[in-house]
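Working notes, beginning with the structure itself.
Bear in mind these aren't lab numbers, they're just calculated from the coordinates by the rules spelled out. It should be emphasised that the depicted structure is a prediction, and the values quoted were computed from it without experimental measurement. Positions of Cβ are backbone-derived with ideal geometry, glycine not excepted, and every protein chain shown enters the neighbour counts.
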Amino acid sequence: MVLLTVTDSAAAKIQNVLQGLGKPQGALRVSVVGGGCSGLSYKMNAADGPAKGDTLVEDKGVRVVLDAKTLLYIAGSQIDYKEGLGLDGQGFRVSNPNAKTTCGCGESFSV
């Protein structure tokens, strides 16, 4: 099973953000935390690299780090980045095959 994939647009945005933060060799840390309408939500931030116990996923030239708990929830997911206007706006989106329900805004999910 593929742990996680990144679309071309997400890879470009991750590279751009890390470069802007002065961490061109860094990684995107994706975490699942409690909260949101559906019970769980995604949190993303820049990291220097994996911490002890993390899983490192490399796709399309970018690095993504996941802790063990997060990996259980999002294995097989895809990270995309959309730009646009209106309610959907711009930002990263996670297509998660493990999510049983999601909220209307797509920011939270349940398994």
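Just list whichever of 69/100; 13/52; 52/82; 23/43; 52/100 have alpha carbons separated by over 24 Å in the model shown. Each step should come with its number before you reach the end.
Numbers: 69/100 17 Å; 13/52 26 Å; 52/82 31 Å; 23/43 19 Å; 52/100 30 Å.
Correct reply: 13/52; 52/82; 52/100.
Segment 32-74: which trypsin sites (Lys or Arg not before Pro) are DSSP loop and have at most 11 other beta-carbon atoms within 10 angstrom?
Those that pass, being in a loop and sparsely packed, are 52.
In nanometres, what is the gap between the two model label sites at residue 9 and residue 95, each 7 Å from Cα along Cα-to-Cβ?
Spacing of the two 7 Å Cα→Cβ label points: 1.1 nm.
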